[in-house]
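First the structure, in the form of structure tokens, and then the observations on it.
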Amino acid sequence: MKNESSGGDNGILWFWDWKTAYNFQQSQTIAQPSSLDSEAGIYALSYDIAGSRLVTCEADKTIRCGEKMKVLPL
């Protein structure tokens, strides 16, 4: 299964199956303390070169690197 990801200005990340366009997971980012709720948006996201970590650039001026994803055998 090949996956794609997208993020919005409301801070929600969507994870999609490439072939079926099925949204199999959603995640909500949390703005930094003392930030406005409107600063929870996601401007950009990309996977690292190995494809195992999701890196996001967010409206509260943070760059976040997700935990390493586990690859499950088929």
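The values are calculated or read from the model by the stated rules, or taken from the named source; none is laboratory data. Given the structure is predicted, the values throughout are model-derived calculations rather than measurements. Note: ideal-geometry Cβ built from the backbone for every residue, glycine included; neighbour counts use all protein chains shown.
Annotations
- For region 26-46, a residue qualifies if it is of a type in the set (S, T, N, Q) and surrounded by 11 or more Cβ atoms within 10 Å (Cβ to Cβ), and the qualifying residues are Ser27, Thr29, Gln32, Ser35, Ser38, Ser46.
- Within region 26-35, none of the residues are closer than 20 Å to Thr62 by Cβ, assigned to a strand (DSSP E or B) and in contact (Cβ under 8 Å) with a residue 40 or more places away in the chain.
- Verdict on Asn10 being more than 20 Å from Glu67 (Cβ to Cβ) and touching a Phe, Trp or Tyr at 6+ places or on another chain (Cβ under 6 Å): no
- As for region 7-20, it holds at least one residue that is small (Gly, Ala, Ser), at negative phi, touching a residue at least 40 places away in the same chain (Cβ under 8 Å) and in a strand (DSSP E or B).
Residues are listed down the side, and each one gets a yes or a no for (1) at pLDDT 85 or above; (2) among the aromatic types (Phe, Trp, Tyr):
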{"residue": "Tyr22", "(1), (2)": "yes, yes"}
{"residue": "Gln26", "(1), (2)": "yes, no"}
{"residue": "Thr29", "(1), (2)": "no, no"}
{"residue": "Pro33", "(1), (2)": "no, no"}
{"residue": "Leu36", "(1), (2)": "no, no"}
{"residue": "Leu54", "(1), (2)": "yes, no"}
{"residue": "Gly66", "(1), (2)": "no, no"}
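- Here is the figure for region 32-53: residues that are within 14 Å of the chain's Cα centre (by Cα) and closer than 15 Å to Cys65 by Cα total 10.
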